[in-house]
């Protein structure tokens, strides 16, 4: 059984418990051991790209370093955490000045210079478990379901740092959908923003973005949308003028593996 | 002791501004063997050369050092001057105090010091120079043209016209290249096929031209005037000498679902095919990936309908070998793959097409017989958006750093042709800059705007979203209006960047020619030798050297032909005497030199040697063919016993230079 | 024009604005274009001209979703979103210039709103 350091992040502890619960259950079923460190802090939700912002990057470095100390790769599920942690790791690896400042702050026993490998849960499914192996463990294939993968902005961009998939032609979620027996629906808005945090102060703008995404997926014949991001799920459900069921990808994963009751049969 | 003259050039202010030339002449005057040391404003001028010539005679010089620019510029000038004064030209050495000294340094004191050291090294070397005599090697009066597009065809026709035999090697089943796929040409709007196909026929009928279609260059050996080339004639499973091009086999072939390359995959062809009606040679070719007979051993229909018995399922690749005096590269270009730019939805929507695909969609021999219809539903598009610079002018991490040069003009052409034929269709062109330098080019573009009412919008498309109702939402910026636009288009046409053909890189390795980082062949001089490569005897024609339109390609093709003809008319060429030779007594027969020689100039022979005790022994020793050796020096470095040495750059000469520098 | 301000934005963003070829693709792809008074390509150009204060005063700095569409799609690799971020930081770092007051938060919440949105807004609006 392979062990990874697992970082759930703030939202998975509160409003997105399902994303967390079914990620853990499915991992166990797939022979992956997720170990959560005792004292993680919130990643901050958004990466501050500014080179002179050091304090806002420290919590991400702490979790990266904790994985390094345990000599394990780090796994994230939430798109936002994933984005913040991967961008932090990229900048620490490529910007010596930033790395020096961060290490001056943290005074770790050994400086952190980007040594940890970071996986999104989907990458773990693709690169560690393998989609072919996943397909063999499926007990409730999602036959006949036309599923639209929603990447949003956080999962793929900036592609230099995230290095997860082709930013304009991604296939990881579509391959995941195929592995659990569904039919992926490709639609152009799958890698456009849902409106994100703007929902807090400008519902109209959030609604414009979310509607464009859901309309595009619906237009291409999707029955449902899957996402890895709690904020995307919120925006697509709450702020869109078009309606489609929206699930976390872990919901469908758990259903397919027989770990969760099948919804919307 | 040699009697050496030193001549220090000012090169106007090129050298004199950062190097104290008087101090250099003064310092070098004290070197051993130097009997005269002078400076002059322009040593390469006639009076400067006379200075050298007179000094040779007056001071009975046996060695000359010129401190000036790179030897690539004027080594020959001073060698000729020395020869005319009765001194063997290989007793002249150049110390480069311009490119590697005055141009790159700012501090006068240190630049002067460096110039003196470089001069001292040249003086030390010239002490060991010996007179060399250049031999001659014959020129094979036959040229090879690699690539059978408009560039290769034009070059071959011009060389043949001058009375020389010329072979075209074309990797596809027919010559014609990209121009054969183009519908109309700018800025005259005449039909491409109407002006190209007569040239294709002319090439096939010219007795001096041999076309090797469906063939590739497999190996190149030799040197200028005497290349030996292996050409792989790929199996087409049809006997070229028997096939009459009647086309009955292509009608009867049951495998009809093969993507048709000639129409950019927009329709299908059969497994046995002739690319297009005017193909040259008009001979059928079987695609082994789709032929049922070759795949499964079942079918044989083409063979049974062929009245001349041309089908040969057992045909194999064949290698032929031929000698050539000159080689012209004309490997052309392709549009780039657009996978990285799917914000334009090229992979998501059949109605998002490239400009070359649009050429086929508008061509009478294209998938729709010349009626412009959308690939998805075969309906007539009423709103078309053109996107310029897709993958061109990019940061290296995002695409091609260069301007593809032809897109502005062909897009204006497309827009105009569509407006002319379908006045009810609205046409939008998103541009960053409209670049139209060329005779009658800007007038052409203005006609698209003023006469044909094409909407040119300064800005760029940022996202394309195809919809299920058949419309394509094009989101773009209009920078002049300061607006973000959404256009409901029926079709989107992407002006994809162009790049050199993929076969160019391995070919450059075979030819030992240079390429730039974009895989375009590098010319010998960007301004003054634009159609020659830096490798003697290899010439460049068309877009393999850089993006070009048809008129420019044809001009360069004829220029390359003229250069090749200039070589072929000579009966022999002077060889470089600076070649390697092996000291047989020191050679231990290890073969190290043979393995590193890029020209195949070294062979091993068994030779009889008389030993000190009066017995004879047979030893294996290296032997250099001076006609093939290019003097690169790889063997002298590889030789473990020090037997291999290079005339003009002997181990002792180089060591004496190093000593002089380190002193 | 304030030279120090320009230098600070350039340093903080790490962006070389001179790489811009003024194609406008960033503004063509921006999902917040219509909500912005100054658009991504204008951010890049105005920073080049040193006209930073105008940008700092504009609400446009709070409209960028940091979705990085402009960063990934810019043909010249200019990374306009990083310029917007640097200008916004220059604004909120000024004393008393927070864009949001924590007291306002409770009335913005609903039962489903993920924490993530609030944390992100804090990062973006408050120093």
- Message: Tell me the volume per residue, in Å³, of the convex hull enclosing the alpha carbons of the range A:1-126.
- Response: 98 Å³
- Item | Taking all pairs of distinct alpha-carbon atoms in the range B:228-365, Kirkwood radius in angstrom | 17.6 Å
- Query: What nm distance separates the two modelled labels at residue B:30 and residue B:201, each placed 7 Å from Cα along Cα→Cβ?
  - Reply: 8.0 nm
- Message: On C-alpha positions alone, give me the angle between the axis of helix B:550-568 and the longest principal axis of chain B, in degrees, nearest 10.
- Response: 40 degrees
- So what is the diffusion coefficient of the range B:337-497 in µm² per second by Stokes-Einstein at 10 °C and 1.306 mPa s, using a Kirkwood Rh over Cα pairs? 100 µm²/s
- Item | Tensor-based shape of the range B:4-128 (alpha-carbon gyration tensor, a/c under 1.5 rounded, otherwise prolate or oblate) | prolate
- Task: Over the range B:143-200, consider all pairs of different Cα atoms and compute the Kirkwood hydrodynamic radius from their mean reciprocal separation; express it in Å, one decimal.
- Result: 11.9 Å
- Note on the structure: Distance in nm between residue B:110 and residue B:422 label points, each 7 Å along Cα→Cβ, equals 6.6 nm
- Relative pair counts by distance (%), Cα atoms of chain B, 10 Å bins: 3, 13, 18, 19, 17, 13, 10, 5, 1, 0, 0
- Query: With springs only between Cα atoms under 10 Å, which of A:104, A:83, A:65 fluctuates most in a Gaussian network model of chain A?
  - Reply: A:104
- Within the range B:304-346, which residues have the backbone N less than 20 Å from the label spot 7 Å out from residue B:509 along Cα→beta-carbon, could you tell me? B:329-332
- Message: At R0 = 60 Å, how high is the FRET efficiency between residue B:455 and residue A:28 if r is their beta carbon distance? Nearest 0.05 is fine.
- Response: 0.50
- Query: When the distances between all Cα atoms of the range C:44-121 are binned every 10 Å from zero, what whole-number percent does each bin get?
  - Reply: 15, 40, 31, 13, 1
- Can you tell me which of C:99-111, B:398-410, B:541-553 comes out highest on packing, and rank the rest after it, using the mean Cβ neighbours within 10 Å? B:541-553, B:398-410, C:99-111
- Could you pull the Rg and Dmax for the range B:212-299, using just the Cα atoms, both in Å? 15.8, 49
- Message: Give me the tail of P(r) for the protein assembly as shown as a percent: Cα-Cα pairs with distance above 42 Å.
- Response: 56 percent
- Query: How much length, in nm to one decimal, is gained on full extension between residue B:481 and residue B:296, taken as 0.36 nm per residue of separation minus their Cα-Cα distance?
  - Reply: 60.4 nm
- Query: Per-residue mean of other chain beta-carbon atoms within 10 angstrom of the beta-carbon, peptide A:199-211?
  - Reply: 4
- Find the eigenvalues of the gyration tensor of the Cα atoms of the range C:46-91, then list the square roots of 5 times those eigenvalues as equivalent ellipsoid semi-axes, largest first, in whole angstrom. 19, 13, 7
- Considering Cα pairs under 8 angstrom that are at least six residues apart, work out the relative contact order of chain B and quote it in whole percent. 13 percent
- Message: Taking the Cα centroid of the range A:1-41 and of the range B:1-75, what is the distance between the two, rounded to the nearest whole Å?
- Response: 79 Å
- To the nearest 0.05, how large is the calculated FRET efficiency for residue B:17 and residue B:528 if R₀ is 30 Å and r is the Cβ-Cβ distance? 0.80
- Item | the range B:301-372 - Rg (one decimal) and Dmax (whole number), Cα, Å | 20.9, 52
- Jot down the radius of gyration and Dmax of the range B:248-304, Cα atoms only, both in angstrom. 11.0, 32
- Item | Helical contribution to [θ] at 222 nm, DSSP H n ≥ 4, -39,500 (n - 2.57), averaged over the protein assembly as shown, rounded to 500 | -9500 deg cm²/dmol
- Query: How far, in nm, would the chain grow between residue B:191 and residue B:2 when pulled straight, counting 0.36 nm per residue and subtracting the alpha carbon separation?
  - Reply: 61.0 nm
- Item | By average C-beta atoms within 10 angstrom, highest first, the peptides A:26-35, B:264-273, B:315-324 | B:264-273, A:26-35, B:315-324
- Item | Computed E for residue A:143/residue B:347 - FRET, C-beta separation, R0 25 angstrom, nearest 0.05 | 0.40
- Percent RCO, i.e. relative contact order, over the range A:150-225, from Cα pairs under 8 Å lying at least 6 residues apart: 28 percent
- Message: Let me test this: with uniform point scatterers at the alpha carbons of chain A, what is the Debye-based log₁₀ I(q)/I(0) at q = 0.11, 0.16, 0.17 1/Å?
- Response: -0.59, -1.22, -1.35
- Item | Exercise: per-residue mean of other protein chain Cβ atoms within 10 Å, B:472-480 | 5
- Task: Return the whole-Å distance between the Cα centroid of the range B:613-649 and the Cα centroid of the range B:523-600.
- Result: 24 Å
- Note on the structure: For the pair residue B:41 and residue C:98, the simple spin-label estimate (label points 7 Å beyond Cα toward Cβ) gives in nm 7.6 nm
- Query: What average number of partner chain Cβ atoms lie no more than 10 Å from the Cβ of the residues making up B:454-465?
  - Reply: 5
- Compute the relative contact order of chain A as a whole-number percentage, counting only Cα pairs closer than 8 Å that sit 6 or more residues apart in sequence. 19 percent
- Query: To the nearest 10 degrees, how steeply does helix B:192-205 sit against the main Cα axis of chain B, on a 0 to 90 scale?
  - Reply: 60 degrees
- For the range B:290-333 and the range A:85-156, what is the separation of their Cα centres, given in Å? 50 Å
- Query: Angle, helix B:71-84 long axis vs. longest principal axis of chain B, Cα atoms, 0 to 90°, nearest 10?
  - Reply: 50 degrees
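Every number here is computed from the coordinates shown, using simple stated rules; none is lab data. Nothing here was measured: the structure is a model prediction, and the numbers come from that model. No Cβ is skipped: glycine too gets one built from the backbone with ideal geometry, and neighbour counts run over all protein chains shown.
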